[in-house]
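I have placed the structure first, in the form of structure tokens, so that the comments after it can refer back to it.
The values are calculated or read from the model by the stated rules, or taken from the named source; none is laboratory data. All values reported here derive from a predicted model rather than from experimental measurement. Here the Cβ positions follow ideal geometry from the backbone for every residue, glycine too, while neighbour counts run over all protein chains shown.
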Amino acid sequence: MGGTRWWQRILGGQQSWAVIDGAVVAGCILARRIGRRKVLITWLYVIPEFRRRGFAARLLRIAISELFNDGYERIRLHVEVGNPARDLYEQHGFTVSRPMPEHYGKGRDGLRMEISRP
Ligand SMILES: CC(C)(COP(=O)(O)OP(=O)(O)OC[C@H]1O[C@@H](n2cnc3c(N)ncnc32)[C@H](O)[C@@H]1OP(=O)(O)O)[C@@H](O)C(=O)NCCC(=O)NCCS
């Protein structure tokens, strides 16, 4: 199906977890390997009408657990300064490891956040 091909193209070999409501993908999280024991969360998105119901928190919790079970030692992600997602990441144990000035464009700073396997 076209939809499946589209999804596979986006994934490009990345691991993914999704919240599905009927035919709708309400949210998803993607991760790709960046080192032998290191993985980068490249995407976390919940569509607006499904937000503030805990879906991102659930996706993140499951992804962290499975990535550590898969043998990764460290999970990294990037977040824009001011994005409320930072609170979510801190609630799950991520800490800021490096500032990323203008990572998102002029005047839009980012942060690298990471969590290590307990
Ligand atoms: C960020 C995003 C993924 C959160 O999804 P969500 O399903 O609404 O998040 P949850 O309901 O699981 O919220 C978990 C926690 O995140 C924080 N949070 C999420 N959205 C927030 C908001 N709009 N304002 C303040 N805090 C927020 C809160 O701490 C929240 O816990 P609480 O509800 O107990 O207060 C969603 O808003 C989104 O897709 N945004 C656009 C894409 C994006 O910015 N992704 C992150 C890129 S790094």
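Some notes on this structure:
- Subset of the stretch 71-81 (residues that are within 12 Å of the ligand (Cβ to nearest atom) and surrounded by 17 or more Cβ atoms within 10 Å (Cβ to Cβ)): Arg76, Leu77, Val79
- Scanning the stretch 46-67 for residues that are of a type in the set (Gly, Ala, Ser) and either near the ligand (Cβ under 8 Å from one of its atoms) or over 16 Å from Phe94 (Cα atoms) (or both) returns Gly54, Ala56, Ala57.
- Single condition Trp17 does not satisfy, out of (1) within 12 Å of the ligand (Cβ to nearest atom); (2) touching a helix residue (DSSP H, G or I) at 6+ places or on another chain (Cβ under 7 Å): (1)
- Among the conditions (1) within 14 Å of the ligand (Cβ to nearest atom); (2) closer than 25 Å to Gly12 by Cα; (3) of a type outside the set (Lys, Arg), the only one that Pro84 does not satisfy is (2).
- Where helices (runs of 4 or more DSSP H) fall entirely within the stretch 1-107, those with at least 3 residues that are modelled with pLDDT under 95 and more than 17 Å from Pro118 (Cα to Cα) are at 2-11.
- Residues that are closer than 23 Å to Asn69 by Cα, modelled with pLDDT of 95 or more and surrounded by fewer than 16 Cβ atoms within 10 Å (Cβ to Cβ) within the stretch 108-118 comprise Ser116, Arg117, listed in sequence order.
- The number of residues in the stretch 82-107 being more than 19 Å from Lys38 (Cα to Cα), basic (Lys, Arg) and surrounded by fewer than 16 Cβ atoms within 10 Å (Cβ to Cβ) comes to 1.
- Under the condition of being among the basic types (Lys, Arg) and part of a strand (DSSP E or B), the residues counted in the stretch 108-118 number 1.
- Flag for Phe68 being under 24 Å from Val25 (Cβ atoms) and surrounded by 13 or more Cβ atoms within 10 Å (Cβ to Cβ): no
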